Each structure stands twice: as C-alpha cells, then as structure tokens.
Amino acid sequence: MRFGFWGFEFELPAFTLLSGPMAAAKPLFAQRFIVEFLNVHPEYDVLYFATSSPVCGVLRNLRIFGMDDEGIRGITFLDYQPSCAQVERADAGYYIGNFSEPEQLKRALDMADQKSIVVIPSFTLLLIGSGEKERLVDVLLDWLGRERVVSFVAVNSAMFGDHNRKLAENADNVLEFLKRRDEVYIRPLKFRGSAPREDIPFEFPREMFEGTKKEVAERTARIIREKKVGR
C-alpha cells in the first residue's frame, strides 16, 4: 500500500523512526498522519502510547487536525505510569502500564493487529532510568519485525545514541526533525518509498504546539520524579 502525506509517499506497512531534539513536533507529525490516513482507511485502528503527552492533550490535537468522534473511538490509549505492576484496563479504550518494563511493553504491543497504527511518541522516556534498555529495544524491534504494522516511534536524538542507532538500522524510514528558530523542517535520512530530496518544512498551529510543549515538559518532569522515587 502507498500513502501520500506531507510530501512523502509512504510504502506501508513500515516502521518510521522520528528523530530530533526535544520540542521538534515529532508527535504532531504522527498525529496528523493518523488523522489523514484514517480519513482514507477507516478500517484501521490506532494503538497510541501516551508517554510524554497526556491523553487529553493528544485528543485535543487530533480534534484540531480534524478527527471526529468516530475516529476517536478507534483509538486505544496506553497511559504510561511507571508505578504500575502490570498492564491494566482502566476504561473503554484506555489502559495503564509501566512500559519501561519489557514484558508490559510486549503485552501492550500485542493489543495491535495488522490493521493497526502503533505510535510511541517518546521511546526515549521509556529508556530513562531503565536498567533494561537493551531489552526494551529488542522487544520493540522483535515485535515490529514480526508483526509488520504501520508504526511511528519518536526518539530524542541527543540521548541514548547507541540505542537510537540500533532503532535506525532496523527502521524502514528515518526522518530527522530540525529546529530553525521558530520553524521545524524534516530531513529524510532513510526512506522506503518516495521522499523529497531537500528538507521540507512541517507546519502546524503555533498555539497547539506551545500548549503541547508545556504539557510535555510538565508530564516528563513528573514521570522522571516518579521513577527516581520508585528506585
């Protein structure tokens, strides 16, 4: 299957790694892709790991991008909570778990099927403070290699370089997000399909970006504090 989005012609299914510094709008790219893809392929569902952003913030962004209530109902949220001893269903379409624990990450991923879009907006946050970083990477790559779904995994390019390189080596696509003053550009480092040869600007509502950036900073700080207390 081929799907055109933001100047890229994706060949799907594919594992796309979104790499770049903090506050470079990487999750917004995946969120916008979800909305546009589901408009054409409503038979797909979404497995969304709420790592660095709260579920309420993700829902707000999806609605701004144009997702309706029917589309929202097709999303299963996996809320990252480091204190959880196991993955638990908290509500319809809403689970909680400690996805820094390899077995919980695998159980969560197993909720997807071949007509799912899997999004992990900050795999870096799962690695922070984990004593099983290599195992987490292996669990993710083993699952993605076996299931072959549409997936987006975002990482902070300034942290865990060895693990990021392993992810990039196994990804079908690697998109680097670059900040230039108040603008964000995307540079395809590796792409299976058709991609622009030059850096392409990624546009989004500025107010949404500022709100998301604040939410991410607050939630990330809270989760890191929880990890330190739990040691």
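For the stretch 170-186, state whether one or more residues are touching a strand residue (DSSP E or B) at 6+ places or on another chain (Cβ under 8 Å) and assigned to a helix (DSSP H, G or I). Break it down stepwise before answering.
Kept after step one, since they are touching a strand residue (DSSP E or B) at 6+ places or on another chain (Cβ under 8 Å), are these residues of the stretch 170-186: 170-179, 183-186.
Those still in the list that are assigned to a helix (DSSP H, G or I) too: 170.
There is at least one residue in the stretch 170-186 that is touching a strand residue (DSSP E or B) at 6+ places or on another chain (Cβ under 8 Å) and assigned to a helix (DSSP H, G or I).
Which of the residues that make up the stretch 144-155 are surrounded by fewer than 20 Cβ atoms within 10 Å (Cβ to Cβ) and in contact (Cβ under 8 Å) with a residue 12 or more places away in the chain? Walk me through it before giving the result.
Going through the stretch 144-155, the residues surrounded by fewer than 20 Cβ atoms within 10 Å (Cβ to Cβ) turn out to be 145-148.
Residues satisfying the conditions are GLY145, GLU147, ARG148.
Looking at GLY57, is it crowded, with 16+ Cβ neighbours inside 10 Å and out of contact with any Pro (no Cβ under 9 Å at 6 or more places or on another chain)?
Working: crowded, with 16+ Cβ neighbours inside 10 Å: yes; out of contact with any Pro (no Cβ under 9 Å at 6 or more places or on another chain): yes.
So GLY57 fits the description; yes.
Within the stretch 22-47, which residues are loosely packed, with under 15 Cβ neighbours inside 10 Å and not polar (S, T, N, Q)?
Restricting attention to the stretch 22-47, the residues satisfying the condition of being loosely packed, with under 15 Cβ neighbours inside 10 Å are 39-43.
Correct list: VAL40, HIS41, PRO42, GLU43.
May I ask you to list pairs of residues, at least six apart or on different chains, whose Cβ atoms are under 8 Å apart, with the first in the stretch 42-63 being within 17 Å of ALA92 (Cα to Cα) and the second being of a type in the set (S, T, N, Q) and open to solvent by 10 Å² or more (accessible area, probe 1.4 Å)?
ASP45/THR76; VAL46/THR76; LEU47/THR76; TYR48/THR76
Can ARG206 be described as more than 25 Å from LEU62 (Cβ to Cβ) and over 19 Å from the mean Cα position of the chain (by Cα)? Step through it out loud before you land on a result.
Working: more than 25 Å from LEU62 (Cβ to Cβ): no; over 19 Å from the mean Cα position of the chain (by Cα): yes.
Taking the combined requirement at face value, the residue does not satisfy it.
So, in the stretch 1-21, exactly how many residues are out of contact with any Phe, Trp or Tyr (no Cβ under 6 Å at 6 or more places or on another chain) and either acidic (Asp, Glu) or surrounded by fewer than 17 Cβ atoms within 10 Å (Cβ to Cβ) (or both)?
So the answer is 8.
Check whether at least one residue in the stretch 71-92 is of a type in the set (Gly, Ala, Ser) and under 24 Å from ASN164 (Cβ atoms), and report yes or no.
In the first step, residues of the stretch 71-92 are kept if they are of a type in the set (Gly, Ala, Ser); the result is 71, 74, 83, 85, 90, 92.
Still in the running and under 24 Å from ASN164 (Cβ atoms): none.
Checked against the condition, which is being of a type in the set (Gly, Ala, Ser) and under 24 Å from ASN164 (Cβ atoms), the stretch 71-92 yields no hits at all.
State yes or no: is PHE177 buried (at least 20 other Cβ atoms within 10 Å of the Cβ), modelled with pLDDT of 95 or more and aromatic (Phe, Trp, Tyr)?
Values: buried (at least 20 other Cβ atoms within 10 Å of the Cβ): yes; modelled with pLDDT of 95 or more: yes; aromatic (Phe, Trp, Tyr): yes.
Against the criterion (buried (at least 20 other Cβ atoms within 10 Å of the Cβ), modelled with pLDDT of 95 or more and aromatic (Phe, Trp, Tyr)), PHE177 qualifies.
Considering the stretch 124-142 alone, what residues qualify as being surrounded by fewer than 22 Cβ atoms within 10 Å (Cβ to Cβ) and touching a strand residue (DSSP E or B) at 6+ places or on another chain (Cβ under 9 Å)?
Initially, the stretch 124-142 is screened for residues surrounded by fewer than 22 Cβ atoms within 10 Å (Cβ to Cβ), giving 127-139, 141-142.
Within the stretch 124-142, LEU127, LEU141 qualify.
Which of the residues belonging to the stretch 51-74 are among the β-branched types (Val, Ile, Thr) and farther than 16 Å from ALA25 by Cα? Talk me through it step by step, then tell me what you get.
To start, the set of residues in the stretch 51-74 that are among the β-branched types (Val, Ile, Thr) comprises 51, 55, 58, 64, 72.
Across the stretch 51-74, the qualifying residues are VAL55, ILE72.
Could you list, in sequence order, all residues of the stretch 70-123 that are surrounded by fewer than 16 Cβ atoms within 10 Å (Cβ to Cβ), within 22 Å of GLY145 (Cβ to Cβ) and in contact with a Phe, Trp or Tyr (Cβ under 9 Å, 6 or more places away or on another chain)?
Of everything in the stretch 70-123, those that are surrounded by fewer than 16 Cβ atoms within 10 Å (Cβ to Cβ), within 22 Å of GLY145 (Cβ to Cβ) and in contact with a Phe, Trp or Tyr (Cβ under 9 Å, 6 or more places away or on another chain) turn out to be ASP110, MET111, LYS115.
Looking at (1) in a helix (DSSP H, G or I); (2) among the aromatic types (Phe, Trp, Tyr); (3) touching a Gly at 6+ places or on another chain (Cβ under 8 Å), which one does PHE209 not meet, given that it meets all the others?
Every condition holds for PHE209 apart from (3).
The values are calculated or read from the model by the stated rules, or taken from the named source; none is laboratory data. Note that the coordinates shown come from a computational prediction; the quantities given were computed from them, not determined experimentally. Note that each Cβ is placed from the backbone with ideal geometry, even for glycine, and that neighbours are counted across all protein chains shown. Areas reflect the complete protein model, heavy atoms only, side chains present, ligands, DNA and RNA absent. Shrake-Rupley method; radii C 1.70, N 1.55, O 1.52, S 1.80 Å.
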